[in-house]
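Input: a single structure, listed below in structure tokens.
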Amino acid sequence: MTNEKTVKSLNDILETLIDSTDGYEKAAEVADRDTLKDFFQSRAASRREMAADVRSEIVNLGGTPDDDGSILANVHRMFLTVSSAVQDNDEAAIKAVDTGEEHLREQFEDALANDDLNPSAMILLKKYQGELRADERLIDHLENAAG
């Protein structure tokens, strides 16, 4: 894959990482239990770190990082606020981050399935893929416990 195509793919992932960070921060605000607040805050910090690494990779490849979250994420955060008003805040927060994380995992998998992805970008994404899968299992556990 040319650097231009890799940069485009990484910028798409960066946008979702920014959205994920924002989503976790919002989930921490609406969650009732301190343990969930702490979990969501730690995941937000992790996503900030991932985003910083992706930004650096984009710059290393000669690209310009896009530092805005998506419009869709703004709608998602608005849904989180509304749904927390009519549901248990913990359950609403868990469901909202699960939806966002599923999208992020799919983006990583799609990018990694492309054999033409720049090797350094491939290494970076693989570095974080395991963490995303572990978070998926934790969120599933939280959903089962809250549901």
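The values are calculated or read from the model by the stated rules, or taken from the named source; none is laboratory data. Computed from a prediction, not measured in an experiment: that's the story for all the values here. All Cβ positions, even for glycine, are placed from backbone atoms using ideal geometry, and neighbour counts span all protein chains on display.
Every condition in (1) within 22 Å of G130 (Cα to Cα); (2) touching a Ser or Thr at 6+ places or on another chain (Cβ under 8 Å); (3) among the charged types (D, E, K, R) is met by K26 except one, and the failing one is (1).
For segment 11-65, a residue qualifies if it is crowded, with 22+ Cβ neighbours inside 10 Å and small (G, A, S), and the qualifying residues are S20, G23, A27, A31.
Restricting the search to segment 117-147, which residues are in contact with a Lys or Arg (Cβ under 7 Å, 6 or more places away or on another chain) and either among the aromatic types (F, W, Y) or under 19 Å from S9 (Cβ atoms) (or both)? Scanning segment 117-147 gives a single hit, L132.
Within segment 124-140, can one find any residue that is of a type in the set (D, E), under 26 Å from N3 (Cβ atoms), modelled with pLDDT of 85 or more and part of a helix (DSSP H, G or I)?
Narrowing segment 124-140 to residues of a type in the set (D, E): 131, 135-136, 140.
Okay, now just the ones that are also under 26 Å from N3 (Cβ atoms), so 131.
Right, trim to modelled with pLDDT of 85 or more and you get 131.
Adding the requirement that they be part of a helix (DSSP H, G or I) leaves 131.
For segment 124-140, residues of a type in the set (D, E), under 26 Å from N3 (Cβ atoms), modelled with pLDDT of 85 or more and part of a helix (DSSP H, G or I): present.
Taking segment 99-140 as the range and being more than 27 Å from G63 (Cα to Cα), buried (at least 16 other Cβ atoms within 10 Å of the Cβ) and within 12 Å of the chain's Cα centre (by Cα) as the test, only D135 passes. Checked against the criterion of being part of a helix (DSSP H, G or I), over 18 Å from E109 (Cβ atoms) and modelled with pLDDT of 95 or more, the candidates E29, E49, E4 yield just one match: E49.
Residue under question is E102, and the condition is that it be within 21 Å of F40 (Cα to Cα) and at pLDDT below 85; does it hold? Break it down stepwise before answering.
Numbers: within 21 Å of F40 (Cα to Cα): yes; at pLDDT below 85: no.
It is false that E102 is within 21 Å of F40 (Cα to Cα) and at pLDDT below 85.
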